[in-house]
1. One residue is enough: does the range 188-197 have a residue meeting the conditions closer than 24 Å to Gly312 by Cβ, crowded, with 23+ Cβ neighbours inside 10 Å, at pLDDT 95 or above and touching a His at 6+ places or on another chain (Cβ under 8 Å)?
2. Could you say which residue among Ala28, Ala58, Ala4 is small (Gly, Ala, Ser), under 21 Å from the mean Cα position of the chain (by Cα) and more than 16 Å from Leu310 (Cβ to Cβ)?
3. Checking the structure you have, find out if any residue of the range 114-126 is surrounded by fewer than 18 Cβ atoms within 10 Å (Cβ to Cβ) and either under 20 Å from Leu153 (Cα atoms) or free of Cβ contacts under 8 Å to residues at least 40 places away in the same chain (or both).
4. Of the residues Gly64, Gly81, Gly74, which single one is more than 14 Å from Phe282 (Cα to Cα) and either crowded, with 18+ Cβ neighbours inside 10 Å or among the basic types (Lys, Arg) (or both)?
5. Could you tell me whether Ser223 is small (Gly, Ala, Ser), surrounded by 14 or more Cβ atoms within 10 Å (Cβ to Cβ), in contact with an Asp or Glu (Cβ under 6 Å, 6 or more places away or on another chain) and touching a residue at least 60 places away in the same chain (Cβ under 8 Å)?
6. Could you please find all residues in the range 234-262 being modelled with pLDDT under 95 and of a type outside the set (A, V, I, L, M, F, W, C)?
7. Would you be able to say whether some residue in the range 23-39 is modelled with pLDDT under 95 and either surrounded by fewer than 16 Cβ atoms within 10 Å (Cβ to Cβ) or of a type in the set (D, E, K, R) (or both)?
8. Just to be sure, is Lys296 under 22 Å from the mean Cα position of the chain (by Cα) and not small (Gly, Ala, Ser)?
Amino acid sequence: MPKAVRFHTLGGPEVLQVEDLPVGEPGAGQARIRHTAIGVNFVDTYHRSGLYPIPLPAVAGNEGAGVVEAVGAGVTDVKAGDRVAYTGLPGSYCEQRIVPADRLVRLPEGITEEQAASMMLKGLTVQYLIHSTYPVKRGETVLWHAAAGGVGLIACQWLNALGIIVIGTAGSDEKTALAAAHGATHVINYSKENFVERVRALTGGAGVPVVYDGVGKTTWEGSLDSVRPRGLIVSFGNASGPVPPVNLVILSTKGSLYVTRPTLVTHIASRADLVERSNSLFDVVKAGKVRIAPTKRYKLADAQTAHRDLEGRRTTGSVVLLP
């Protein structure tokens, strides 16, 4: 019987348990897929801990890649035998599952299933952040926190290819070196340096037009002080914990600032958006402008360890589970 990693209560990694979970036949509009690689992301830990509530019991995970085994009535987007990937569908930590077929994208030649599982959520997040949330312009300077994380490494490469000057922060010399190797123009080890002072120095005191902040609590105040007047802070993650309640007056006193809290879900809500953004991501990867390779692999049964390492900041880049 297919295995799945489920949690029945909220808590730490120990609540993740490997269980047998039967999988039936796909119904109308559905497809059954066999996973060959499963992505591990911070949002998975938010679901497990209860920061982002979901109904329990739940299978962990939100993205994966594999092969279509069967499709239900009316499905035309994919067929049995297609290599596919998806993101934004809770329940991916499993060997097999049934999903809405219109949420699957076919993988082109030149994109492996491990790559797809490593980049769908992270890569599509970068895609909408730099093309929609704040459409970057060649020659601009941006600040990207957690530049050595899974999202950050993709962002550094993609922005570099677009001619953007990237100031990347990370918490160790090893991680800042990794960010630099992936295209960050300037790197800041915020455990040793005051990143606000360094950003101001690098921008001649002006600040950056946009800060991309997936860290949250510990970088929030500094992000406000790193952006130029009428600049934008894009808060898209909580790696250090959620941003505390904010008195909006501070946005005026800091220079008429803008703040947004976007999510990938609304940017790929329609199939047309999902396909267009996925193709944009696939194109830069196939062109070699963005290199995708999982930096750490775990067996599906070792999901607890993967979560401990992720939350303990012992990982860089993309992490995958292998069924």
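1. Within the range 188-197 (the criterion being closer than 24 Å to Gly312 by Cβ, crowded, with 23+ Cβ neighbours inside 10 Å, at pLDDT 95 or above and touching a His at 6+ places or on another chain (Cβ under 8 Å)), the answer is no, since none of the residues qualifies.
2. Working: Ala28 fails: under 21 Å from the mean Cα position of the chain (by Cα); Ala4 fails: under 21 Å from the mean Cα position of the chain (by Cα).
Result: Ala58 is the single residue among Ala28, Ala58, Ala4 that is small (Gly, Ala, Ser), under 21 Å from the mean Cα position of the chain (by Cα) and more than 16 Å from Leu310 (Cβ to Cβ).
3. Of all residues in the range 114-126, those surrounded by fewer than 18 Cβ atoms within 10 Å (Cβ to Cβ) come to none.
Checked against the condition, which is being surrounded by fewer than 18 Cβ atoms within 10 Å (Cβ to Cβ) and either under 20 Å from Leu153 (Cα atoms) or free of Cβ contacts under 8 Å to residues at least 40 places away in the same chain (or both), the range 114-126 yields no hits at all.
4. On the way: Gly81 fails: either crowded, with 18+ Cβ neighbours inside 10 Å or among the basic types (Lys, Arg) (or both); Gly74 fails: either crowded, with 18+ Cβ neighbours inside 10 Å or among the basic types (Lys, Arg) (or both).
Checking each option against the conditions leaves just Gly64.
5. Working: small (Gly, Ala, Ser): yes; surrounded by 14 or more Cβ atoms within 10 Å (Cβ to Cβ): yes; in contact with an Asp or Glu (Cβ under 6 Å, 6 or more places away or on another chain): yes; touching a residue at least 60 places away in the same chain (Cβ under 8 Å): yes.
It is true that Ser223 is small (Gly, Ala, Ser), surrounded by 14 or more Cβ atoms within 10 Å (Cβ to Cβ), in contact with an Asp or Glu (Cβ under 6 Å, 6 or more places away or on another chain) and touching a residue at least 60 places away in the same chain (Cβ under 8 Å).
6. Matches in the range 234-262: Gly237, Asn238, Ser240, Gly241, Pro242, Pro244, Pro245, Asn247.
7. So far as the range 23-39 goes, yes, one or more of its residues are modelled with pLDDT under 95 and either surrounded by fewer than 16 Cβ atoms within 10 Å (Cβ to Cβ) or of a type in the set (D, E, K, R) (or both).
8. Working: under 22 Å from the mean Cα position of the chain (by Cα): yes; not small (Gly, Ala, Ser): yes.
Against the criterion (under 22 Å from the mean Cα position of the chain (by Cα) and not small (Gly, Ala, Ser)), Lys296 qualifies.
The values are calculated or read from the model by the stated rules, or taken from the named source; none is laboratory data. Because the structure is a prediction, the values reported are computed rather than measured. With ideal geometry, Cβ positions are generated from the backbone for all residues, glycine too; neighbour counts draw on all protein chains shown.
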